[in-house]
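Asks: First the structure, then my questions, so here it is.
The values are calculated or read from the model by the stated rules, or taken from the named source; none is laboratory data. Computed from a predicted model, the values in this text were never measured in an experiment. Here the Cβ positions follow ideal geometry from the backbone for every residue, glycine too, while neighbour counts run over all protein chains shown. Ligands, DNA and RNA are stripped out before the accessible areas are found, and what is left, the full protein with its side chains, is counted by its heavy atoms. Shrake-Rupley method; radii C 1.70, N 1.55, O 1.52, S 1.80 Å.
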Amino acid sequence: MFKRRDSGLVKEESTCTFALLQTSDIHGNIFPTSYGNRLKLNAGLGKLATIINQEKVQYEYHLLIDNGDVIQGTPLTYYFAKFVADNNNPIISVLNELKYDAAVIGNHEFNFGMELLNSTIKQSSFPWLSANLLNQETNQPLFGKPYMVKEYPNGLRVAVLGVTTHYIPNWEDPKHIKGILFQDALEATKHWVKYIQEKETYDILVVSYHGGFERDLVTGEPTEALTGENQAFAMCQEIDGIDVLLTGHQHRKIATTVNGRCVLQPSFNGQSLGKVEIQLKRLDGKWLIGDTKTELLDVTDSVVADERILALSYEQETRTQTWLDEPVGKIRGDMMIRSANEVRLGDHPLIEFLNKVQMNAAQVDISCTALLNNESPGFSEHVTMRDIISNYIYPNTLKVIRITGQDIKDALELSASYFTLDNDKKIIVNPDFIEPKPQHYNYDMWEGIEYEFNISKPFGERVANLLYQGKPVGLNKEYEVVMNNYRAGGGGNYTMYKGKPVVKEIQKDMAELIAEYISKKGTVEATCNHNWRVIY
């Protein structure tokens, strides 16, 4: 039975079930195979597609949304952006085929610049929701719509507001975000929720926020510095009327309720699909929310990848794999990683090499870098692009900034807080760098200076024997240091770098610089001068 209403015929039902399906932080993963070692993975849109389609069949009323950080993160997306960006974006081809209803812009959507992002949006058959990323000249939303309202045949109306962490200027290359005003995500959400409540007719209000939780979900205690990067807990506490809050950015697995709101965060790389099931009952012509259920549907061995989805990007994937296997040069000596923990406890040939590449590109004699991924394998004798991408997973460029010796010491003290001692007085990783989100990439290691970390000392008093060219670092003296653009902007709470003079920018990303360095030399010697160490 149908009845007529202003917007058309409405299916008459007294109850219905609605399913909200969420992906987030896919980071360019389609194929369920590791680019580093070709091992099978329970991840990627190929396998997620199977689960998504099963859920769509099960629920007549559903909505599928991506919560951001989808077009960057794998060699496939890197190869596309660098070499064939005039083709169809392989990630968007998949999202279009799966009939996504909407997507939200994440911070990594900017990594390849505005031209590629705008092309991505144009190729999408769904809207990108972005309420707080504004045109600096007009103060109007720059990318698509702030929100959408989807109406179903039974008259059910679901409003979805999209917002993005406004902390992006602290990480991103300024050229990639020129002309954008990043409005506070919490304040923008307050404004647009009120606007939707006043202007729209809806039954369910969803906020899809590319950001995470700044406080413990139960106790409300801060779990990180309250910089504004993550504001989901505040949204749950300070904004009335949100029925579902979708989150991301932190790569956590969350499916629960906070202050009566259903909240989700479905891991990363396509390992899980977030799902909220909502039971509704019609009363006086309006749908009322009843029981709700939040869960994560994990990709497992039993999930078979959708070959139709894989086929959409097979040609570009094949070209990417061929490029990854291209030889670059050789390593003489041992530059392999056997333990990520050991790398961070004392100078290692791989880290020394990465710092040498940075110093060579920038023509300065002080550098800092991090082991970005605990799965980094290091370099064996024969180096390919696959090895380089496996060890340097982000498209970072470099900056040389002028900082004081005090800034260097403060930065080292922050890195030294990465460690603590357990009850047996053994050095372990500080839980603050593991929970709620692993942040191993925020531990920097330096070349061009000498130093020690004494972990038996209190936080803030651990740096000892800090030398430059054999003499104590002058705390009031200025030094030129090369580091990646994320760190130079203060990323990882390295606030001592924010606003410091930029002496030089190197526009090529590190993967290219590493490849050029090895290729030019032909054979690179693995060296380690042991200029720093961790003691207790």
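Asks: For the chain, take the longest principal axis of its alpha carbons; what is the angle in degrees between that and the long axis of helix 314-324, to the nearest 10 within 0 to 90?
Replies: 10 degrees
Asks: Moving on. If you average 1/r over every pair of different alpha-carbon atoms in the stretch 1-106 and take one over that average, what Kirkwood value in Å do you get?
Replies: Computed over the stretch 1-106, the radius equals 15.9 Å.
Asks: Now for a different question. Would you mind telling me the antiparallel percentage of the DSSP bridges in the stretch 1-109, rounded to 5?
Replies: Numbers: 5 of 13 bridges.
Antiparallel bridges: around 40 percent, rounded to the nearest 5.
Asks: Mind grabbing the base-10 log of I(q)/I(0) for the stretch 389-443 at q = 0.19 Å⁻¹? Debye formula, identical points on the C-alpha positions, no solvent, two decimal places.
Replies: With no solvent term, the Cα-only Debye profile gives -0.90.
Asks: For an R0 of 35 angstrom, estimate the FRET efficiency from the Cβ-Cβ distance between residue 175 and residue 467 and round to the nearest 0.05. Please list the in-between numbers first.
Replies: Details: r = 36 Å, r/R0 = 1.03.
Computed FRET efficiency for residue 175 and residue 467: 0.45.
Asks: Taking the mean number of other Cβ atoms within 10 Å as a proxy for protection, how do you rank 264-274, 510-520 from highest to lowest?
Replies: Taking the mean over residues of other Cβ atoms within 10 Å, the ranking is 264-274, 510-520.
Asks: Take the alpha-carbon positions of the stretch 334-470, form their convex hull, and give its projected area averaged over all directions (one quarter of the hull surface) in nm².
Replies: Details: hull surface 37.7 nm².
Reported value for the Cα convex hull: 9.4 nm².
Asks: Using only the alpha carbon atoms of the stretch 85-132, find the Kirkwood hydrodynamic radius as the inverse mean reciprocal pair distance, in angstroms to one decimal. Before the final figure, lay out the partial values.
Replies: Details: mean 1/r = 0.0896 Å⁻¹.
Computed over the stretch 85-132, the radius equals 11.2 Å.
Asks: Another question, if that's okay. Between residue 38 and residue 118, take the C-beta separation as r, use R0 = 35 Å, and let me know the FRET efficiency to the nearest 0.05.
Replies: Working: r = 34 Å, r/R0 = 0.97.
Plugging the Cβ-Cβ distance into 1/(1 + (r/R0)^6) gives 0.55.
Asks: For residue 397, what accessible surface area do you get with a 1.4 Å probe? Give it in Å², rounded to 10.
Replies: 20 Å²
Asks: A follow-up question, please. Sorted from largest down, give the three principal axis spans of the alpha carbons of the chain, whole angstrom values.
Replies: Here the spans come out as 84, 52, 47 Å, largest first.
Asks: Would you give the gap between the C-alpha center of the stretch 236-250 and the C-alpha center of the stretch 114-142, rounded to a whole Å?
Replies: The distance from the Cα centre of the stretch 236-250 to that of the stretch 114-142 comes to 22 Å.
Asks: Continuing with this model, one more query. What three numbers, in Å, describe the spread of the alpha carbons of the stretch 131-248 along their principal axes, ordered from the longest?
Replies: Principal axes ranked by extent give 46, 41, 20 Å for the Cα atoms.
Asks: Semi-axes of the equivalent ellipsoid of the stretch 300-393: what are they in whole Å, largest first, if each equals the square root of 5 times a C-alpha gyration tensor eigenvalue?
Replies: Numbers: eigenvalues 197, 60, 33 Å².
Taking √(5λ) for each eigenvalue gives 31, 17, 13 Å, largest first.
Asks: How big is D for the stretch 269-333, in µm² s⁻¹ as a whole number, if Stokes-Einstein is applied with the Kirkwood radius of its Cα pairs at 25 °C and 0.890 mPa s? Before the final figure, lay out the partial values.
Replies: On the way: Rh = 17.1 Å.
For the chosen part, D equals 143 µm²/s.
Asks: Would you report the distance distribution of C-alpha pairs in the stretch 444-487 as whole percents per 5 angstrom bin, up to the bin with the largest distance?
Replies: 5, 17, 23, 24, 22, 8, 0
Asks: Counting only DSSP beta bridges with both residues in the chain, what percent are antiparallel, rounded to the nearest 5? Can you show the working numbers first?
Replies: Working: 69 of 101 bridges.
Expressed as a percentage, antiparallel bridges in the chain total about 70.
Asks: Follow-up. Could you give the nm distance between label points at residue 495 and residue 298, where each point is 7 Å from its Cα heading toward the beta carbon?
Replies: Output for this residue pair reads 3.8 nm.
Asks: Within the stretch 187-253, list the chymotrypsin sites (Phe, Trp or Tyr not before Pro) lying in a DSSP loop whose Cβ has at most 11 other Cβ atoms in a 10 Å radius.
Replies: On the way: sites: 192, 195, 202, 209, 213, 233; in loops: 202, 213.
Within the stretch 187-253, no chymotrypsin sites (Phe, Trp or Tyr not before Pro) qualify (loop, at most 11 other Cβ atoms within 10 Å).
Asks: Of 481, 502, which has the most accessible area and how do the rest follow, probe 1.4 Å?
Replies: Correct descending sequence by accessible area is 502, 481.
Asks: Starting from the Cα of residue 138, step 7 Å toward the Cβ, then list every residue of the stretch 160-181 with an amide N under 17 Å from that point.
Replies: Backbone N within reach: 178-181.
Asks: On a 0 to 90° scale, report how tilted helix 405-416 is relative to the longest principal axis of the chain, with both axes built from alpha carbons and the result rounded to the nearest 10.
Replies: Rounded to the nearest ten degrees, it is 60.
Asks: Taking R0 as 25 Å, what's the FRET efficiency between residue 423 and residue 345 from their Cβ-Cβ distance, rounded to 0.05?
Replies: My answer for the efficiency is 0.85.
Asks: Taking the Cα centre of each part, how many Å lie between the stretch 285-351 and the stretch 48-67?
Replies: Comparing the Cα centres of the stretch 285-351 and the stretch 48-67, I get a distance of 22 Å.
Asks: Next up: Scaled to the compact-protein estimate 2.2 N^0.38 Å, what is the alpha-carbon radius of gyration of the stretch 79-181, rounded to two decimal places?
Replies: Normalised Rg, Cα atoms only: 1.15.
Asks: Output the Cα-based Rg and Dmax of the stretch 454-536 in Å, rounding Rg to one decimal and Dmax to a whole number.
Replies: Values for the stretch 454-536 (Cα only, Rg and Dmax): 16.7, 45 Å.
Asks: Then there's this: Could you state the orientation-averaged shadow area of the convex hull built on the Cα atoms of the stretch 204-277, in nm² to one decimal?
Replies: In nm², the orientation-averaged hull projection of the stretch 204-277 is 4.8.
Asks: Which value, in Å² rounded to 10, gives the accessible area of residue 319 with a 1.4 Å probe and all protein chains present?
Replies: Accessible area of residue 319: about 100 Å².
Asks: Give the total of Lys-Lys pairs in the stretch 439-536 with Cα-Cα distances below 25 Å; include a pair only if its members are 8 or more places apart or on different chains.
Replies: 11
Asks: Okay, next question. Quick one: what does P(r) look like for the stretch 392-536 with 5 Å bins over all Cα pairs, in whole %?
Replies: Calculated over all Cα pairs of the stretch 392-536, the distribution is 2, 9, 15, 19, 20, 17, 12, 5, 1, 0 percent.
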